[in-house]
Amino acid sequence: MRTLIIVTHPHIEDSLINKRWIEELEKFPEQYTVHQLHKVYPDEQIDVLAEQQLIERHDHIVFQFPLYWFACPPLLKKWQDEVLTYGWAYGSKSGYKVGGKKVTLAVSAGIDEREYAHNEKYKYTLKELLRPFELTFEYIHADYQPFFAYYGIELNSTPEWIEQSVPLYLQFLEEFSK
């Protein structure tokens, strides 16, 4: 079973990390379905049924995005609000279509990891900031797994540093997809 990677990046052409990850993932079409929300829905008009059917065809789902203002990009939040509906994702005997599916996040964060701490500048860990995802996926009975994060793009954007992220991400996905 292939892993569905739902990528949400409003400016993927300018991205360093997420664009590079997509390039690598697309080398393995037998393993990964890369689904870029901004490319599929440039007008942000989400085809809810198509998205639900795509989710139903995969048992492993990764939401890949850059952290924007300590949250996900707006289109991903809109996707959650529109796709994870009552009667399909939760709330009825025929619902919970995401139930039991392994779900995780792959996040690129501009700030250095050490700054995401209680005694540092941003006061909260990334795990705490991503807790709404954890709660959402628990609510719909998905099997939420620990996330992947690559930190510090604001501090270091050399080609070598970006390339270092690729095998780390692929290794994470390999473990997640087992």
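Regarding Glu44, is this residue more than 15 Å from the chain's Cα centre (by Cα), within 21 Å of Trp79 (Cα to Cα) and either modelled with pLDDT under 95 or surrounded by fewer than 18 Cβ atoms within 10 Å (Cβ to Cβ) (or both)?
yes
Filter the range 111-125 down to residues that are of a type outside the set (D, E, K, R) and surrounded by fewer than 20 Cβ atoms within 10 Å (Cβ to Cβ) and give me whichever is nearest to Ile55 (Cα to Cα).
Per the criteria, the residue is Thr125.
Of (1) surrounded by 14 or more Cβ atoms within 10 Å (Cβ to Cβ); (2) under 25 Å from Leu129 (Cα atoms), Leu54 satisfies all except one. Which?
(2)
Can you pull out the residues in the range 157-178 that are more than 15 Å from Ile61 (Cβ to Cβ), aliphatic (A, V, I, L, M) and in contact (Cβ under 8 Å) with a residue 24 or more places away in the chain?
Passing the criteria: Ile162, Val166, Leu170.
Could you count how many residues in the range 92-110 are open to solvent by 30 Å² or more (accessible area, probe 1.4 Å) and free of Cβ contacts under 8 Å to residues at least 60 places away in the same chain?
Residues flagged as open to solvent by 30 Å² or more (accessible area, probe 1.4 Å) and free of Cβ contacts under 8 Å to residues at least 60 places away in the same chain within the range 92-110 amount to 7.
For the range 126-164, give me each residue that is acidic (Asp, Glu), under 14 Å from the mean Cα position of the chain (by Cα) and either at pLDDT below 95 or surrounded by fewer than 16 Cβ atoms within 10 Å (Cβ to Cβ) (or both).
Within the range 126-164, no residue meets the criteria.
Restricting the search to the range 58-88, which residues are of a type outside the set (Phe, Trp, Tyr), open to solvent by 40 Å² or more (accessible area, probe 1.4 Å) and either without any contact (Cβ under 8 Å) to a residue 24 or more places away in the chain or part of a helix (DSSP H, G or I) (or both)?
Pro74, Lys77, Lys78, Asp81, Glu82
The values are calculated or read from the model by the stated rules, or taken from the named source; none is laboratory data. Note that this is a predicted model, so its numbers are computed, not measured. Cβ coordinates were reconstructed from backbone atoms using ideal geometry, including for glycine residues, and neighbour counts include every protein chain displayed. Only protein heavy atoms, including side chains, enter the accessible area calculation; ligands, DNA and RNA are left aside. Shrake-Rupley method; radii C 1.70, N 1.55, O 1.52, S 1.80 Å.
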